[in-house]
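Let me begin by presenting the structure, written as structure tokens, before commenting on it.
The values are calculated or read from the model by the stated rules, or taken from the named source; none is laboratory data. All of these numbers come straight from a predicted model, not from anything done at the bench. Cβ coordinates were reconstructed from backbone atoms using ideal geometry, including for glycine residues, and neighbour counts include every protein chain displayed. Protein only, heavy atoms only, side chains kept; ligands, DNA and RNA dropped before computing areas. Shrake-Rupley method; radii C 1.70, N 1.55, O 1.52, S 1.80 Å.
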Amino acid sequence: MNDLLIRRARLMDEPGTVDVAIKDGYIVAAGGGVAGSARQMVDAAGRLLIPAFVDAHTHLDKALTAPQEGAGSLAEAVEDFQRRSRNMDKNDFIDRGRRVLLMALRHGTTVMRTHITVNESLGLRAVEAALTLKEEFAGKVDLQVFAMGSGLEPAPTPPLQELFEEALRLGVDGLGGAPHLSERMQEWVDYIFDLAARYNVLIDFHVDETDAPSVASLEYIAAKTIQTGFQGRVVAGHCCGLAAVDEEKASRTIAAVKEAGISVITLPSCNLYLMGRRDKGLVRRGVTRVRELQAAGVNVAYASDNIRDAFRPFGNANMLEEALITAQVLQMGTPLELKNVIKMGTYNAAAAIGLKAYGVKAGNRADLVLLDATSPAEAIIGQAEKVCVIKGGRVAVRNDKKSDIII
Ligand SMILES: [Zn+2]
């Protein structure tokens, strides 16, 4: 007997409706008129069933710490966290992280990658908290923990190196950082590549998060990725400077990114708030060249980045809300474009962070969201209710008020 049978669900890329049968956490059949009984039945009644959202770039350690006085720039926000995190203990990180993970799950996110700051004053308190949450939320929200430098350290000094190695021994999934904030950017990038190779982990950098027309770190990271054979294992987040360089430089850099197999994650909601803060009149918005990157065949995802902290006071860990912001700022408004946006927060994000067996297809993991909409466009525009969130084949969250959905 199957564990769960979802009847009459509409999928993104297929006409009509299908039935989806789930057993032991996996989709065992998806198609027209799937037979057999199940312990639990969901009547989708023509609603849209999508793979659960993947929030591929967040900062759980910073979330829910928005100060009374807002930060005036990225640098000020980094300093704000550096200052205040000195007094935060492990439980503080755990409590806030837990609240965000519960928000995310309610909104249909079942996989999240969080960057966690490591520096000398903070030590590994935030990393330990994130690893505790990873264990606590196993089977609800799969958490990938990436250790990052705060960006304020000019170089990876021996005490910092010791902290990164200890973070890896504790079990972080990957390494990152914001090398563009350092004057010795290349030294940081080289160090992270060496360490990632040594421990066989993935890399995810904050890249050129600047108003200036600069692709210095993106160019260097792309070259380094190819040189070290890390193709397909590196993510570049933000890439704001790419939006500001001229067309010739942009297309040369995008070609290198494509060749390096780097996935790009755009963080529109955060960068819209954070970038160009000193501009008057025409304010630069810091959102990377998504259209051009996609046209060149680069895998591009969007994610939420900062949730109610000094970097951005907004955010609900709600990838459908992020989809609406992304669609508006990227001027993607047709049904086809809105479907692309939903895919950026699901399939593309899953590919960026290396998830396997993802998607609404037999053989894949049953991480699903049933939306109270009949199409991606309707879901984004109407900010559809997540009727139920299915994690590992089990109904993890029910937001519906209609009792006839789950039979
Ligand atoms: Zn970030």
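Numbers for the structure displayed
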quantity: Part-to-part distance (alpha-carbon centres) for the stretch 148-210 and the stretch 321-396, which is given in Å; calculated: 31
quantity: Trypsin sites (Lys or Arg not before Pro) restricted to the stretch 226-323 and DSSP loop, no more than 10 other C-beta within 10 Å; calculated: Arg278, Lys280
quantity: Gyration tensor verdict on the stretch 140-214 (Cα atoms; rounded if a/c is under 1.5, prolate if a/b is larger than b/c, oblate otherwise); calculated: oblate
quantity: Environment charge of Leu170, counting only residues whose C-beta is closer than 14 Å and scoring Lys/Arg +1, Asp/Glu -1; calculated: -2
quantity: Net charge over other residues, Cβ less than 10 angstrom from the Cβ of Met332 (K, R count +1; D, E count -1); calculated: +1
quantity: Prolate/oblate/rounded label for the stretch 48-98 (Cα gyration tensor, a/c 1.5); calculated: oblate
quantity: Candidate aspartates and glutamates - alpha carbon under 13 Å from Lys224, same-chain residues fewer than 8 apart omitted; calculated: Glu187, Asp190, Asp194, Glu259
quantity: Cα convex hull volume per residue for the stretch 170-240 (Å³); calculated: 83
quantity: 222 nm mean residue ellipticity, helices alone, for the chain (DSSP H n ≥ 4; -39,500 (n - 2.57); rounded to 500); calculated: -10500 deg cm²/dmol
quantity: Net charge dipole size for the stretch 244-294 [Lys, Arg +1 and Asp, Glu -1 on Cβ; Debye, nearest 20]; calculated: 280
quantity: Kirkwood hydrodynamic radius (C-alpha pairs) into Stokes-Einstein, the stretch 147-270, 4 °C and 1.567 mPa s, D in µm²/s; calculated: 89
quantity: Three principal axis lengths of the stretch 67-159 [C-alpha, angstrom, descending]; calculated: 38, 34, 20
quantity: Fraction in percent of alpha-carbon pairs per bin - 10 Å, the chain; calculated: 5, 24, 33, 25, 11, 3, 0
quantity: Arg312, Arg7, ranked by accessible area, largest first (probe 1.4 Å); calculated: Arg7, Arg312
quantity: Set of lysines near Lys391 by C-alpha distance (under 17 Å), chain-local residues within fewer than 8 positions excluded; calculated: Lys23, Lys134, Lys140, Lys356, Lys361
quantity: Net charge of Cβ neighbours under 11 Å - reference Glu153; Lys, Arg +1; Asp, Glu -1; calculated: -2
